[in-house]
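**Q** Please find one structure pasted underneath; my questions will follow.
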Amino acid sequence: MAYEKQDKKVFAGPRVRRLRRDKGLTQARMAEELSISASYLNLIERNQRPVSAQILLRMADVFDVDLRSLGGDEEARALSALKEVFSDPLMRDTGLSDQDLKEVADATPAIADAVATLYRSYQEAVEASSMLAERLADRDDDTTSQGTGQPIEEVRDFINAHTNHFPELDEAAEDLYANAKLSADEPYVALRDYLRDTHGVSTRVVPSDFMSGELRRYDRHRQTMFLSELLDQPGRSFQLAYQVGFLEQAKTLEQLVEQSGLSDDEARRLLRIALANYFAAALLMPYDAFFRTAQETKYDIRLLGRRFGTSFEQVCHRLTTLQRAGARGIPFFLIRVDNAGNVSKRFSAAGFHFARFGGTCPRWNVHDAFRVPGQVYTQVVAMDDGTRYFSIARTVSRAGSGIGVPGDQYVVGLGCDISHARDFAYSLGHDLDNEEAATPIGVNCRLCERLDCSQRAFPPLKRKLHVEEHVRSVSAFGAPSDGAD
């Protein structure tokens with residue numbers, strides 16, 4: 001993707017300094033590589049000079065970095081995490097301003113991640129204590145604690161740290177796709193035949209009653225893959241690709257699990273499953289072919305699904321992984337929520353502000369998508385820090401729903417920074433240059449500073465609630481007073 005010169009000056013001192021230190025270079029050596037003076041580089045690192053387009057292009061060429069990595073995505077994510085942590089009433093007396101937090105996030109995002117990890121541990125300890133207290137209060141309760149979900153967060157952190165991109169799995173999937181000639185037939189048929197001919201594994205689609213609530217079961221003794229009839233064709237293909245990954249990529253999967261540093265057995269199993277799912281998607285949608293098609297079609301999700309025989313959700317998730325050096329796609333963020341607002345999947349790119357410990361903003365139209373299942377909703381949104389994003393949302397149905405079974409619907413939301421929206425087919429018809437046309441949203445109610453929102457479920461954590469008995473404000477919680485005291 002060619003670099004487009006913008007009028008906005010790019011001050012990226014801390015990021016340039018981190019890049020230099022990561023490469024083990026002195027200022028003099030890096031300046032020589034960039035064909036500038038050491039004194040000028042020093043001014044850039046101290047944010048006293050902007051980084052010109054020419055220097056950005058030179059950095060990308062010499063150090064093989066993505067220009068977007070110098071655009072502040074990591075710092076924006078770190079700042080969002082710090083703001084959430086320091087919005088907790090426990091932190092109100094620290095005296096830290098938003099500018100203080102921004103300076104920490106800009107200088108050392110890793111410290112922000114460490115603080116967020118510590119805060120998460122604190123939250124989990126509080127939750128565990130609460131659960132224990134409830135059990136002690138009710139001696140007739142024989143249920144056991146189900147844990148706090150920490151392994152899931154550890155796995156999400158590891159995947160986010162790798163920007164949801166694992167090149168070794170992509171390369172292995174592309175090689176297999178080409179060598180096994182999987183493109184010669186419909187994905188399900190090709191994978192079924194490949195498992196049978198290469199591994200002696202037969203595939204049977206069986207009644208749901210036989211599966212006892214399971215969707216996939218691999219019987220090693222009978223060398224048979226059982227698939228539930230509840231799975232649609234893309235779902236069946238994905239499950240076969242998943243099994244191919246476990247049979248052929250066990251060594252690579254284990255190496256990545258070891259590199260993760262996760263010690264909890266449950267977290268390691270969850271990561272192994274997540275990586276096998278990654279391989280399955282990469283096998284169904286091989287990187288180069290999928291990336292080229294995505295660019296040619298301006299990321300038309302429906303067409304991509306038809307071309308590769310995959311579902312809406314599978315395509316959306318795959319789009320978040322296009323981070324190969326020299327062939328990077330739009331940096332998308334993704335979320336999956338149910339109709340109660342529970343987040344079951346999230347991946348943050350382009351600095352989009354997800355709450356680690358809560359839900360989403362009711363003004364964001366991911367919630368509206370439940371009204372008309374199957375319709376793609378589009379929206380330009382603006383966060384309270386002024387950043388704008390373009391997003392789409394659509395319902396997806398999961399296997400297992402039907403007559404007599406509660407509806408199992410989710411909404412998948414996919415979006416990108418407004419600067420990439422013109423490359424996204426769904427933005428057609430939106431005035432992307434009109435900042436006033438964006439819908440103001442927040443991270444969630446507790447963290448949002450917008451005081452004029454009629455959809456608040458909670459008052460802002462950073463402001464003391466000020467209630468007037470004879471005044472009714474737009475918000476049901478009254479008008480929060482200025483300041484955090």
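**Q** Quick check on region 297-312. Is at least one of its residues part of a loop (DSSP other than H, G, I, E, B), aromatic (Phe, Trp, Tyr) and out of contact with any Ser or Thr (no Cβ under 8 Å at 6 or more places or on another chain)?
**A** yes
**Q** Looking at Arg336, Arg346, Arg302 in this structure, which one is in contact with a Gly (Cβ under 8 Å, 6 or more places away or on another chain) and among the basic types (Lys, Arg)?
**A** Testing whether each residue is in contact with a Gly (Cβ under 8 Å, 6 or more places away or on another chain) and among the basic types (Lys, Arg) leaves just Arg336.
**Q** Of all residues in region 354-381, which are crowded, with 18+ Cβ neighbours inside 10 Å, at pLDDT 85 or above and not hydroxyl-bearing (Ser, Thr, Tyr)?
**A** Trp364, Asn365, Val366, His367, Ala369, Gln379, Val380, Val381
**Q** Then there's this: Could you list, in sequence order, all residues of region 76-122 that are small (Gly, Ala, Ser), closer than 25 Å to Ile44 by Cβ and at pLDDT 70 or above?
**A** Listed by number, the residues that qualify are Ala78, Ala105, Ala110, Ala112.
**Q** Take Leu247 and tell me if it is part of a loop (DSSP other than H, G, I, E, B) and in contact (Cβ under 8 Å) with a residue 12 or more places away in the chain.
**A** Criteria not met by Leu247.
**Q** Go through Tyr194, Tyr242 for me and flag whichever is crowded, with 16+ Cβ neighbours inside 10 Å, under 27 Å from Ala327 (Cα atoms) and free of Cβ contacts under 8 Å to residues at least 60 places away in the same chain.
**A** Answer to the selection: Tyr242.
**Q** Could I ask something else about it? Would you confirm whether or not region 405-428 contains a residue that is assigned to a loop (DSSP other than H, G, I, E, B), at pLDDT below 90 and touching a Phe, Trp or Tyr at 6+ places or on another chain (Cβ under 9 Å)?
**A** No, because not a single residue in region 405-428 is assigned to a loop (DSSP other than H, G, I, E, B), at pLDDT below 90 and touching a Phe, Trp or Tyr at 6+ places or on another chain (Cβ under 9 Å).
**Q** I'd like the full set of residues that are under 25 Å from Pro286 (Cβ atoms) and out of contact with any strand residue (DSSP E or B) (no Cβ under 6 Å at 6 or more places or on another chain), limited to region 157-169.
**A** Passing the criteria: Phe158, Ile159, Asn160, Ala161, His162, Phe166, Pro167, Glu168, Leu169.
**Q** Moving to a separate point now. With (1) of a type outside the set (S, T, N, Q); (2) at pLDDT 95 or above; (3) more than 21 Å from the chain's Cα centre (by Cα) as the list, and Phe238 as the residue in question, which single condition is left unmet?
**A** Here Phe238 meets the rest and fails (3).
**Q** Please go through region 44-70 and pick out each residue that is of a type in the set (Lys, Arg), at pLDDT 80 or above and part of a helix (DSSP H, G or I).
**A** Arg58
**Q** Please work out which one of (1) touching a helix residue (DSSP H, G or I) at 6+ places or on another chain (Cβ under 6 Å); (2) modelled with pLDDT of 75 or more is the condition Glu436 fails and give its number.
**A** Glu436 satisfies every listed condition except (1).
**Q** With respect to Ala294, is the statement that it is without any contact (Cβ under 8 Å) to a residue 60 or more places away in the chain, in the same structural domain as Asp219 (by TED's automatic domain parsing), surrounded by 19 or more Cβ atoms within 10 Å (Cβ to Cβ) and within 16 Å of Ile159 (Cα to Cα) true?
**A** For Ala294, the condition - without any contact (Cβ under 8 Å) to a residue 60 or more places away in the chain, in the same structural domain as Asp219 (by TED's automatic domain parsing), surrounded by 19 or more Cβ atoms within 10 Å (Cβ to Cβ) and within 16 Å of Ile159 (Cα to Cα) - is not met.
The values are calculated or read from the model by the stated rules, or taken from the named source; none is laboratory data. Remember, predicted model here, so these are calculated numbers, not experimental data. Please note: Cβ atoms are built from the backbone with ideal geometry, for glycine as well, and neighbour counts cover all protein chains shown.
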